[in-house]
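Okay, here's the structure, questions in a sec.
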Amino acid sequence: MTKTTNNEYKIKKSSDIPNDSSWQKPNLKGDWCNIFLLVLLYTIQGIPCGFSAGLPIILQSKYMVTYDDQGSYSFVMWPYTIKLLWAPIVDSFYIRRIGQRKSWFIPVQYLIGALLLYFASNMDEWLPESGKPNLKIIVYLLFIINLLNTTQDIIVDSWALTMLKKNNVSYASTCNFIGLFLGMLIGSSSPILLSSEEFCNKYLRLTPGSGGIITIKNIILLWSVVILIIATFVTIFKKEKDIKLEYAKNNIFQNYKLIWNILKHSSMSVFSMTFLTSGIGNCVMDSIAHLKLIDAGVSKEDIMLLTTAMSVLKIIIPIPVSKYTGGPKQLSLIMKCTPIRLFWNIPYALLIYFTPFLIKNNGVVNIPVYYYLILGFIFIINELLSDTIHLSYSAFCIKISDPRFGGTYLTLFSTVRTLSWILPNTVVLKMIGILTFKKCSNICSKTDFPNICNTTEQSYNCVTIVDGYYVEAAICMVIGFVWYGIFKRIYKNLELKNRSHWIVDVNKPPISEDI
């Protein structure tokens, strides 16, 4: 690849463009150490994200927070939707002697560890055992941590393209999935379960005691130290391949222009739009279901215990699924799973509706074994479908990405994917209170937090007439089926295009093929 006088990209020859005929069968011999390292890097990347995702469950079960508060808290995840803004900077500025990816990895990873240490040192004040948490400062700090974590996501995603051998690059999505899942599981479940007196007395202690075996503060402190140690080992022992021998270095202005050229590519613009709207159909099930189960009487420990028990399944899923996601028909697999997952909203909603009747007897919670079996079955099917779709999207995006500017290219896909989940998530959390209607006496109103009415005098009790959860679930499911009907044919056509079709050459006009 050479540069033109106009500082634009020009591909040397057609053989530089990857195509379907150059596909080679993956062979992990000689790449196992890199596979392990990528899983480890994605794991420590997933821990802060997992804590951010698990904290709403803690807040819902222990504190007086509304769904509107939960919507405000969801902004801590928004850095994952805007990381494309600085991806070209990460791709453009680095110290070659250190390495293109390590130049960013080292300072960013140490900052994440240091901020988690700061969070842990103030945990007792910001997240007290009783009373309302300091939600404002928690949102600010977690927003900054996730801002750094998104930068780390850019770094590791692009590093995977050059760390693995070319015929093994499709396994990067599997490393991403397994590592992020493990990290998010650790970050979300360990603070909830290990700090719970009920869980520890039931499963971990020989004799009952007070409190959990470790506090949330100490859990965050522990993992912040682990993150710093792993960052140190990677800094010292992992050498980075110098890709300048293969590709020209692009300046920041070229990388920002690259984003525009990628987006205005006819097929890419359509695919990005379908990708962005793909999460609407299931957003209510993904973002509110666990919170509604807690409101219905299921403990946060039971929910996290079930989630943890399924971790083995989630780790195993990528192994058989990679046989299909690593092939040429990832989008077809997505289209097969989408209607099934949309229909799965119905048993999920029915379970939430009947939960109070199934687990309560005269107002006392007593969860029967068969309820856990039903809940586990619904969770497993939902996760199987969700993980298959996620892996298929990741594999397709990696397949069509250009390794010359992998950080920018993959970050574009990752940003669209994250935005497709977080934007509907924030909207449905903010809207559920508006769509919920209560009949209340005296001081209660539909906008008040339900527990205020339930804990005051009997004459003030509120009765829910219309639950916004079911209204939103129905609306989103209908939108999901409309999405499926519109884009099914489009996905089939996009899948048939040669890999070279997706390469962006700014020296020629965008491809205007019908899709």
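The values are calculated or read from the model by the stated rules, or taken from the named source; none is laboratory data. These figures come from a predicted structure and were not determined experimentally. Note that we place each Cβ from the backbone using ideal geometry, even for glycine, and neighbour counts take in every protein chain shown. Accessible surface is based on the protein model in full, side chains and every heavy atom, while ligands, DNA and RNA are left aside. Shrake-Rupley method; radii C 1.70, N 1.55, O 1.52, S 1.80 Å.
Hey, does region 4-15 have a residue that's at pLDDT 80 or above and either open to solvent by 20 Å² or more (accessible area, probe 1.4 Å) or of a type in the set (Val, Ile, Thr) (or both)?
Narrowing region 4-15 to residues at pLDDT 80 or above: none.
No, that holds for no residue.
Related question: Being of a type outside the set (A, V, I, L, M) and either at pLDDT 90 or above or closer than 15 Å to Ile294 by Cβ (or both) is the filter here, so list the residues in region 358-367 that pass it.
Correct list: Lys360 only.
Can you spot a residue in region 44-55 that is surrounded by fewer than 19 Cβ atoms within 10 Å (Cβ to Cβ), modelled with pLDDT of 85 or more and farther than 20 Å from Lys300 by Cβ?
Checking region 44-55: not a single residue is surrounded by fewer than 19 Cβ atoms within 10 Å (Cβ to Cβ), modelled with pLDDT of 85 or more and farther than 20 Å from Lys300 by Cβ.
For region 177-226, give me the residue count where each residue is over 23 Å from the mean Cα position of the chain (by Cα) and of a type in the set (Ser, Thr, Tyr).
6
Name the single residue that is modelled with the highest pLDDT among those in region 56-79 being outside any helix (DSSP H, G or I) and closer than 20 Å to Val427 by Cβ.
First, pick out the residues of region 56-79 that are outside any helix (DSSP H, G or I): 63-66, 78.
Of the ones still in play, those that are also closer than 20 Å to Val427 by Cβ are 65-66, 78.
Details: Val65: 73, Thr66: 74, Trp78: 85.
It comes out as Trp78.
Condition first: open to solvent by 50 Å² or more (accessible area, probe 1.4 Å) and in a loop (DSSP other than H, G, I, E, B). Now tell me which residues in region 200-221 satisfy that.
Arg205, Leu206, Thr207, Pro208, Ser210, Ile213, Thr215
Sticking with this structure for a sec: Suppose we filter region 348-384 for residues that are out of contact with any Gly (no Cβ under 7 Å at 6 or more places or on another chain), surrounded by fewer than 17 Cβ atoms within 10 Å (Cβ to Cβ) and within 16 Å of Lys300 (Cα to Cα); how many remain?
Counting residues in region 348-384 that are out of contact with any Gly (no Cβ under 7 Å at 6 or more places or on another chain), surrounded by fewer than 17 Cβ atoms within 10 Å (Cβ to Cβ) and within 16 Å of Lys300 (Cα to Cα) gives 4.
Does Ile288 satisfy the condition of being buried (at least 18 other Cβ atoms within 10 Å of the Cβ), within 26 Å of Leu385 (Cβ to Cβ), at pLDDT 80 or above and within 19 Å of the chain's Cα centre (by Cα)?
Against the criterion (buried (at least 18 other Cβ atoms within 10 Å of the Cβ), within 26 Å of Leu385 (Cβ to Cβ), at pLDDT 80 or above and within 19 Å of the chain's Cα centre (by Cα)), Ile288 qualifies.
Name the single residue, out of those in region 80-127 being part of a helix (DSSP H, G or I) and of a type in the set (D, E, K, R), that is most open to solvent (accessible area, probe 1.4 Å).
Only one residue tops the list, namely Glu125.
Output the residues belonging to region 416-470 that are of a type in the set (D, E, K, R), modelled with pLDDT under 80 and surrounded by fewer than 17 Cβ atoms within 10 Å (Cβ to Cβ).
Lys439, Asp448, Glu457
Still on this structure, please answer the following. For a quick check of your reading of the model, give me the residue pairs whose first member lies in region 76-94 and is among the small types (Gly, Ala, Ser), whose second is open to solvent by less than 50 Å² (accessible area, probe 1.4 Å), with beta-carbon atoms closer than 7 Å and at least 6 apart or on different chains.
Once the first residue is among the small types (Gly, Ala, Ser) and sits in region 76-94, its partners that are open to solvent by less than 50 Å² (accessible area, probe 1.4 Å) give Ala87/Ile154; Ala87/Gly407; Ala87/Thr408; Ala87/Thr411; Ser92/Asn250; Ser92/Ile252; Ser92/Asn255.
Could you list, in sequence order, the residues of region 404-415 that are hydroxyl-bearing (Ser, Thr, Tyr) and at pLDDT 80 or above?
In the first step, residues of region 404-415 are kept if they are hydroxyl-bearing (Ser, Thr, Tyr); the result is 408-409, 411, 414-415.
Once the filter is applied, which keeps residues that are hydroxyl-bearing (Ser, Thr, Tyr) and at pLDDT 80 or above, region 404-415 yields only Thr415.
How many residues, within region 149-165, are open to solvent by less than 10 Å² (accessible area, probe 1.4 Å), in a helix (DSSP H, G or I) and farther than 18 Å from Ile89 by Cβ?
1
Restricting to region 354-378, what's the tally of residues that are touching a residue at least 40 places away in the same chain (Cβ under 8 Å) and either within 27 Å of the chain's Cα centre (by Cα) or not in a helix (DSSP H, G or I) (or both)? Break it down into steps so the answer makes sense when it comes.
The initial filter retains those residues of region 354-378 that are touching a residue at least 40 places away in the same chain (Cβ under 8 Å), namely 355-356, 359-360, 365, 367, 372, 375-376.
If we keep only those that are either within 27 Å of the chain's Cα centre (by Cα) or not in a helix (DSSP H, G or I) (or both) as well, we get 360, 365, 367, 372, 375-376.
Counting residues in region 354-378 that are touching a residue at least 40 places away in the same chain (Cβ under 8 Å) and either within 27 Å of the chain's Cα centre (by Cα) or not in a helix (DSSP H, G or I) (or both) gives 6.
Only one of (1) modelled with pLDDT under 85; (2) within 25 Å of the chain's Cα centre (by Cα) fails for Ile252. Which number is that?
Of (1) modelled with pLDDT under 85; (2) within 25 Å of the chain's Cα centre (by Cα), only one is false for Ile252: (2).
From the list Ile340, Ile319, pick out the single residue that is closer than 27 Å to Lys399 by Cβ, open to solvent by 40 Å² or more (accessible area, probe 1.4 Å) and at pLDDT 90 or above.
Values: Ile319 fails: at pLDDT 90 or above.
So the residue among Ile340, Ile319 that is closer than 27 Å to Lys399 by Cβ, open to solvent by 40 Å² or more (accessible area, probe 1.4 Å) and at pLDDT 90 or above is Ile340.
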